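Enquirer: Below is the structure I would like to discuss, written out as structure tokens.
The values are calculated or read from the model by the stated rules, or taken from the named source; none is laboratory data. Please read these numbers as outputs of a predicted model, since none were measured by experiment. Neighbour counts are summed over all protein chains in view; Cβ atoms, including those assigned to glycine, are modelled from backbone coordinates with ideal geometry.
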Amino acid sequence: MDKIIQVPFIGEEILKLNTGEKVLLTGTILTARDAAHARMIDLINKKEPVPIDFKNQVVYYCGPTPALKGRVIGSCGPTTSSRMDKFTPELLKHGLKGMIGKGKRNEEVRRAIKENKAIYFVAPAGAGAYLSTLVKSARVIAFEDLGPEAIYELKIENFPVITAIDTKGNDIYKEF
């Protein structure tokens, strides 16, 4: 049976997860892609306030499409995570605890995940239309000018992911 975990993380439940484990996430996550990551790092480097609090938060590497009539969001599948690798260690230092995307991460990110007791999940690629049905609400909370690359807050229910890099630094892409 899949484990159900609340997001943002409220306890130490992610410390018990191992690579390959299936998880259902329920709660609130944020979306952010390349442009939003670059802008957040720029603000951090300038010692200016970042418009979101990363503490215990999960970021989904996703740029949702416009919502169809009667829906809260359009297709929202994962994007390639390695494009965020150059930004990830710094965001983990600022409290980010989880990421959702697709594909491998580099060695620096794996080390940073382990050092910060964070976690990396992969979501089913090619299932963006299905994943959108698990989003109960969506709203832009930062960088609206970036369009689909703005930062969205998504309320999700039973959102399926697989633990790809656990808090101990084990990596599904190296193990299987």
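Enquirer: Output the residues belonging to region 3-45 that are part of a loop (DSSP other than H, G, I, E, B), surrounded by 13 or more Cβ atoms within 10 Å (Cβ to Cβ) and more than 13 Å from the chain's Cα centre (by Cα).
Expert: L17, T19, G20, E21
Enquirer: Among the residues of region 46-64, which ones are surrounded by fewer than 15 Cβ atoms within 10 Å (Cβ to Cβ) and touching a residue at least 40 places away in the same chain (Cβ under 8 Å)?
Expert: Passing the criteria: P51, D53, K55.
Enquirer: Checking the structure you have, find out if any residue of region 75-85 is small (G, A, S), outside any helix (DSSP H, G or I) and at positive phi.
Expert: Checked region 75-85: no residue is small (G, A, S), outside any helix (DSSP H, G or I) and at positive phi.
Enquirer: Quick check: anything in region 19-33 in contact with a Ser or Thr (Cβ under 8 Å, 6 or more places away or on another chain), among the polar types (S, T, N, Q) and at pLDDT 95 or above?
Expert: Scanning region 19-33, I find at least one residue that is in contact with a Ser or Thr (Cβ under 8 Å, 6 or more places away or on another chain), among the polar types (S, T, N, Q) and at pLDDT 95 or above, so the answer is yes.
Enquirer: Separate question: Looking at region 77-103, which of the residues that are among the polar types (S, T, N, Q) and under 12 Å from the mean Cα position of the chain (by Cα) is nearest to H37 (Cα to Cα)?
Expert: So, considering only residues that are among the polar types (S, T, N, Q) and under 12 Å from the mean Cα position of the chain (by Cα), the one nearest to H37 (Cα to Cα) is T88.
Enquirer: Continuing with this model, one more query. For region 56-71, name all the residues that are part of a loop (DSSP other than H, G, I, E, B) and at pLDDT 95 or above.
Expert: Matches in region 56-71: N56, Q57, Y61, C62.
Enquirer: What's the number of the only condition in (1) in contact with a Phe, Trp or Tyr (Cβ under 9 Å, 6 or more places away or on another chain); (2) surrounded by fewer than 15 Cβ atoms within 10 Å (Cβ to Cβ) that C76 fails to meet?
Expert: Every condition holds for C76 apart from (2).
Enquirer: Somewhere in region 51-61, is a residue over 22 Å from I165 (Cβ atoms) and out of contact with any Gly (no Cβ under 9 Å at 6 or more places or on another chain)?
Expert: Checked region 51-61: at least one residue is over 22 Å from I165 (Cβ atoms) and out of contact with any Gly (no Cβ under 9 Å at 6 or more places or on another chain).
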